[in-house]
Every structure is written in structure tokens, then in C-alpha cells.
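The values are calculated or read from the model by the stated rules, or taken from the named source; none is laboratory data. As the structure is a prediction and not an experimental result, all values here were calculated from the model. Reconstructed Cβ throughout: ideal geometry from the backbone, glycine too, with neighbour counts over all protein chains shown. Ligands, DNA and RNA are excluded from the accessible area calculation, which covers all protein heavy atoms including side chains. Shrake-Rupley method; radii C 1.70, N 1.55, O 1.52, S 1.80 Å.
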Amino acid sequence: MTSPTTDRAAEHAPTIDPGSLFRFATAGSVDDGKSTLVGRLLHDAKAILADQLEAVGRTSAERGFGGGTGRLDLALLTDGLRAEREQGITIDVAHRYFATDRRSFILADCPGHVQYTKNTVTGASTADAVVLLVDARHGVVEQTRRHLAVTALLRVPHVVVAVNKIDLVDYSRDVFERVAGDARDVAARLGVEDVHVVPVSALEGDNVVEPSERTPWYTGRPLLRVLEELPTADESGRGAARPFRLPVQYVLRPQGGTAPGLDPEALRDYRGYAGQIASGAVAVGDEVVVLPSGRRTTVTGIDVAGTAPAPGAPLPGEQLAEAAAPLSVTLRLADDIDIARGDLLAGAADELPEPVRELPASLAWLGDRPLRPRDRVLVKHGAATVQAMVEELEGRLDLDALELRAADTLELNDIGRVRLRLASPLPVDPYDRLRRTGAFLVIDPAAGGTLAAGLARGA
């Protein structure tokens, strides 16, 4: 069994593309030091501009930030809202972009307060990894379990537990191993498979970018090195042989109305179906299926907007022989089929999602009003929005017992299971198979606000 004093990044065999883009989000309870950790990561990775660093230095001095002359309040690098700076908390998701010589990163610094759990759901929904902070003094608390549950629900590939403020427990190995063991136990019970644990001090910089001499008992990698070496979904093989999916966003039919410089006659009969490839790849000549109708046709052209056309080409943009996720393209098809916004193009050779009217799902409830059986809502899947009714509320996750318990309602920040009855069929993949086409939103039909993040379950 792997000792909690070592990380397991070395166990990953896939080769990391030096130019790859890695997305990760921070999570954890309030005051666990997320913003300070992010600031430390950016500072020590030399990803801060000189003028920004100078401004943070001035503000830190004006506020009498503790720790000695010249010390920086690194949380100011990410807490950009006035209310965040005044209260010393994170309210909104702050995105930061930085790069090392090994890869590029998009970081989402998420709030820790329970009332902002919905922001954590948003930040983690597209992440390759979640960095979950735990205060070494307090250990695993309810919000830690909630964020691990969200991570498990969203099927985030990797979780890095940063046991922060290790300096405040005198760099104790026993404290770290106890917290690491508790975190691994909760993660295992929730079904989180890939967990790495690192002892850090965001304030002092221990094991954030460089190994710390004050934790000689920790033989693993510092946090940044773990993030540099974790594979993305595609690098880990999760993207290999993925079925082709393209939700249709828009039907292009110029009928003579073209941009200046283009030949109206060349585009008079043009018909294309535009959208972002959500999964897999497509090539000219491939057979595709239009869902939910089930009609079949063949791809005759793949166009990319915003690129220079080939010399003498009659169509705007570049024409490709093949394209893969996440490229946005316009497909031309061999047959004139009734295809509209909200339809899904899928590879005919792949396993196809069955259009369903009854949708079993897990929900992260984000609405202020509770959800009850028989409630009427809207379900937005891709570009399609259909009316729905809550047919059954199967239960709510108990964060103490980590078990599904019977419930009459779902309240704000609850995670539960429901069964929805849809007014029109939707071709929904199980979320554990395809994240992009297995996710949906639950919307308030009256106010238009988002009520829940939904994840389709297998029947």
C-alpha cells in the first residue's frame, strides 16, 4: 500500500505533452487558504507581472499584513472583488492563466463558503483535477466531504489534497498522516479513485513549487510538479476511441446573403450544421446519425470559420479532411435532412445514446427554493431545452454517513438522485461514459435561473 507521505504521480505511465493545457480548480472549506495557495503558486512560478506584484506589496503594507516587513498578502492576487478583499474571503470563481516550461494551466479559484458551493460545481465541471485544501489543524470537515462528493459526482479525473498550514502544526508528520488517511478514506467511500496528498504551507511556500527542507519525511513531489505530471483526460487514454458527438448549435443557410468579398452564387445552395465537437473525431466520408430522429447520412465537408480559404476555393474558411474535439466546425452532409438547433450528430459506427423521455440523474441542487416531486422544470442539454417534471426524488446524499438517504426535498447545496419525465426525447449519454453529453442544466421555467447541475445516470 502506498504511504501517505508519498504522492503517486510517478505511477502514471502516459507521456505528458509539453504543450498540453491542464485545467484545475481549487476547493476546500473557508479560511483553508485557497487564495493564498493560488497566489503562492503564481508568485513562486514567476507568473506575476512586476506592476501587479508592486500593487499587492503596497496594499499588504497599508493593511499591516503580518509576518514581517515586506511580506505579501498573496490572496490579493486572486481576490479581485471589493467585497472579497474587505471580508478576506472568496465569493466568485477567479480564473487565472499561467504556464511553466512543461505545460500551460487554467486555474479556477473557487469559494469555500457553503452558500457558494454552486461556484465550486461550476469551476470543477471542466477540470482535469481538483486541488482540495484541508487545514492541518482542523482535518477533514463537512465542507471537505461536500467538495469530495461534488468531485466524485462530476467525475473529475484527479484529486490533489493539499494539507495546508502544516507550519502551524510544527510540520508534524503524524498530523499530516492522520489527515491524509481521513481524506483518502472519505474519497474511497465516495468512489474517487485517483487521490494524491501533499503537505504544504501556502504562507511559507513549503512544497508548493519547490520541495521543503522542513518536511524531510515527505518524499513525494511538490504541488506544482504533481500538477505538471498528471495526465489530462486525453493523455490518460480517456479520450482514445471516444464516440463522435456534435450538438448542433446553428444551421447555416446563407441563400445568397454573404459577407463582402464572397461569391453569393457559390453559397446559394450551401447548408451547414455548426457546433463544437463535444467528443471524438469526424472525417469526410463518415456516416453519422441525427438524433433524436435517427436519420442517417454522410459527411461531405468540414468547414472551419475564421481561417483563410485555400486559393481559388469557392467556400469561406478552411476545409478539413477530419476534425476532433474540441474544435468548432460546420459539417456539410450528403442529404437534405430536417436538422435543427438542439439536435445531436453522432458517429454511426459508435454506440449511440438512446433518446429517452425518462431520465435518471444525479443533481447538485443550486437553487434557493427546494426541489420537490412533481415540480415542473426545464432541462437544457447541449443546445436543446425541453420541459420536464420531477417524477421521483430517490434520495439525498448524507454527508456524514456518505450514504443516500430518503428525502422529500432537495435543499440548496444538496446532492441527490431524481428521475425526470421529459416532454420531448433527448439523446443523453451516461455521464460516466461521456462528461460533455451526459451533463445538463435544470432551469426555473418562470424566472429562467439555473436550479441544478444534472448528470445522467445509466438506466
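Descriptive notes on the structure:
- Only one of 404, 393 that is assigned to a strand (DSSP E or B) and crowded, with 19+ Cβ neighbours inside 10 Å: 393
- Search result, residues across the stretch 361-390 that are part of a strand (DSSP E or B) and either of a type in the set (Gly, Ala, Ser) or open to solvent by less than 10 Å² (accessible area, probe 1.4 Å) (or both): 361, 362, 363, 364, 365, 371, 377, 379, 384, 388, 390
- In the stretch 185-199, the residue that is nearest to residue 165 (Cα to Cα) out of those that are open to solvent by 50 Å² or more (accessible area, probe 1.4 Å) and part of a helix (DSSP H, G or I) is 185.
- For the stretch 315-369, a residue qualifies if it is basic (Lys, Arg) and under 26 Å from the mean Cα position of the chain (by Cα), and the qualifying residues are 341, 369.
- Filter result (hydrophobic (A, V, I, L, M, F, W, C) and closer than 13 Å to residue 454 by Cα) within the stretch 349-370: 359, 361, 363, 364, 365, 366
- For the stretch 209-219, a residue qualifies if it is touching a helix residue (DSSP H, G or I) at 6+ places or on another chain (Cβ under 8 Å) and either at pLDDT 95 or above or assigned to a strand (DSSP E or B) (or both), and the qualifying residues are 210, 214, 215, 217, 218.
- Residues in the stretch 140-182 that are within 21 Å of residue 212 (Cα to Cα) and open to solvent by less than 10 Å² (accessible area, probe 1.4 Å): 160, 161, 162, 163, 164, 166, 176, 179, 180.
- Candidate set from the stretch 299-329 (those that are surrounded by fewer than 16 Cβ atoms within 10 Å (Cβ to Cβ) and under 13 Å from residue 244 (Cβ atoms)); member that is modelled with the lowest pLDDT: 326
- Extreme residue, modelled with the lowest pLDDT, among residues of the stretch 13-29 that are open to solvent by less than 50 Å² (accessible area, probe 1.4 Å) and not small (Gly, Ala, Ser): 14
- Any hit, the stretch 400-421, residues being under 24 Å from the mean Cα position of the chain (by Cα), more than 30 Å from residue 188 (Cα to Cα) and polar (S, T, N, Q): no
- From the options 418, 379, 386, residue that is outside the structural domain of residue 147 (by the TED database), in contact with a Gly (Cβ under 8 Å, 6 or more places away or on another chain) and touching a residue at least 24 places away in the same chain (Cβ under 8 Å): 379
- Some residue of the stretch 437-447 being surrounded by fewer than 21 Cβ atoms within 10 Å (Cβ to Cβ), part of a loop (DSSP other than H, G, I, E, B) and either aromatic (Phe, Trp, Tyr) or in contact with an Asp or Glu (Cβ under 8 Å, 6 or more places away or on another chain) (or both): no
- Test for residue 140: is it over 14 Å from residue 33 (Cα atoms) and either assigned by the TED database to the domain that holds residue 106 or more than 17 Å from the chain's Cα centre (by Cα) (or both): yes
- Residue match in the stretch 251-265 (condition: assigned to a strand (DSSP E or B), hydrophobic (A, V, I, L, M, F, W, C), open to solvent by less than 80 Å² (accessible area, probe 1.4 Å) and at pLDDT 95 or above): no
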